[in-house]
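The values are calculated or read from the model by the stated rules, or taken from the named source; none is laboratory data. Remember, predicted model here, so these are calculated numbers, not experimental data. A quick note on method: Cβ atoms are made from the backbone with ideal geometry, for glycine too, and the neighbour counts reach across all protein chains shown.
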Amino acid sequence: MKKKIKLNPAIRADGKGFLKNLAYDSVIFGFSDGQLKILLMEYHNTGLFALPGGFIQEDEDLNEAVKEGLKERTGLDDIFLEQYYAFGDRRRFDASVLKKILLANGIKPDPDHWMLGRFVTVAYYALINYKNVQPKPDVLSDSCTWYSLNELPLLILDHKEIVEKALNTLRHNLDRKVVGGNLLPQKFTMNELQKVYESILGQELRRSTFQRKMLGMKILRRHQKQFSGKAHKAPYLYSFLKR
């Protein structure tokens, strides 16, 4: 198997080995404490925040590049992943942002450095189990950390728009995506499932109506109750018939 090239901007000022002017960005959704969260990178010595992303090697499939990048950031390879949009507006081009990131990492780029050019980015979103993730920053970043959607820091370029588009895409055909994704553990309560829906939709749902809908869809298997010391309040556990 051919060894993968590891991106080192300091020695690859011409971008040799990578597709020019094309990148990917990933909106990685997780669910914890009743909130929908996403993973963000903070670039070293800049105070700049961005979505996890990367570049594609000339001999590499786009989807495989994204999967590899997600595995490096999360430690997971069994991920619900969908490509949903390509962002290529001219207004997203701002060489000063990338120049600041490179300078903060001890790299003084020439004006024609490949990372200072205009990029079209292909966007993906992923649904993963928050508890299974071991976030790891890339070579240009200090941290890779979960942030609540309601408390996001200021993001570079058009990354806020990329997040908003991902959320709107996730809301479409939500039932299929929640079942196919990994936002919940293998077994969960009806209340936990409702909280996932509410956090994605951004609104509260009537408990009885939601439960009736989910049971009527025939996608859940009911298990034993989850006892916590108060038997009369113990909720049933459920799992999806298909994930």
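Quick notes
- Residue within segment 205-221 that is out of contact with any Asp or Glu (no Cβ under 6 Å at 6 or more places or on another chain), surrounded by 13 or more Cβ atoms within 10 Å (Cβ to Cβ) and under 30 Å from Arg91 (Cβ atoms) present: no
- Residues (modelled with pLDDT of 85 or more and either out of contact with any helix residue (DSSP H, G or I) (no Cβ under 8 Å at 6 or more places or on another chain) or closer than 21 Å to Asn182 by Cβ (or both)) located in segment 211-234: Arg212, Lys213, Met214, Leu215, Gly216, Met217, Lys218, Ile219, Leu220, Arg221, Arg222, His223
- For segment 113-152, the set of residues classified as without any contact (Cβ under 8 Å) to a residue 24 or more places away in the chain and over 30 Å from Val196 (Cβ atoms) consists of Leu116 only.
- The single condition from (1) assigned by TED's automatic domain parsing to the domain that holds Glu42; (2) assigned to a helix (DSSP H, G or I) that Leu157 fails is (2).
Yes/no per residue for (1) assigned by TED's automatic domain parsing to the domain that holds Leu205; (2) touching a Gly at 6+ places or on another chain (Cβ under 9 Å); (3) in contact (Cβ under 8 Å) with a residue 60 or more places away in the chain:
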{"residue": "Lys37", "(1), (2), (3)": "no, yes, yes"}
{"residue": "Tyr43", "(1), (2), (3)": "no, no, yes"}
{"residue": "Pro52", "(1), (2), (3)": "no, yes, yes"}
{"residue": "Asp59", "(1), (2), (3)": "no, yes, no"}
{"residue": "Glu64", "(1), (2), (3)": "no, no, no"}
{"residue": "Phe80", "(1), (2), (3)": "no, yes, yes"}
{"residue": "Tyr85", "(1), (2), (3)": "no, no, yes"}
{"residue": "Leu102", "(1), (2), (3)": "no, no, yes"}
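- Check on Glu82, assigned to a strand (DSSP E or B), at pLDDT below 95, over 23 Å from Ser143 (Cα atoms) and charged (D, E, K, R): yes
- When the residues of segment 70-114 are filtered to those that are of a type in the set (Val, Ile, Thr) and farther than 21 Å from Leu170 by Cα, the one that is surrounded by the most Cβ atoms within 10 Å (Cβ to Cβ) is Ile101.
- Residue match in segment 177-187 (condition: under 15 Å from the mean Cα position of the chain (by Cα) and either charged (D, E, K, R) or surrounded by fewer than 18 Cβ atoms within 10 Å (Cβ to Cβ) (or both)): yes
- Checking each residue in segment 59-81 for being under 11 Å from Tyr124 (Cβ atoms) and not basic (Lys, Arg) picks out Leu62, Asn63, Ala65, Val66, Gly69, Leu70, Ile79, Phe80, Leu81.
- Boolean, Leu36 is under 13 Å from Ala166 (Cβ atoms) and of a type in the set (A, V, I, L, M): yes
- Odd one out for Lys165, checked against (1) more than 17 Å from Gln35 (Cβ to Cβ); (2) at pLDDT below 95; (3) assigned by TED's automatic domain parsing to the domain that holds Asp94; (4) not β-branched (Val, Ile, Thr): (2)
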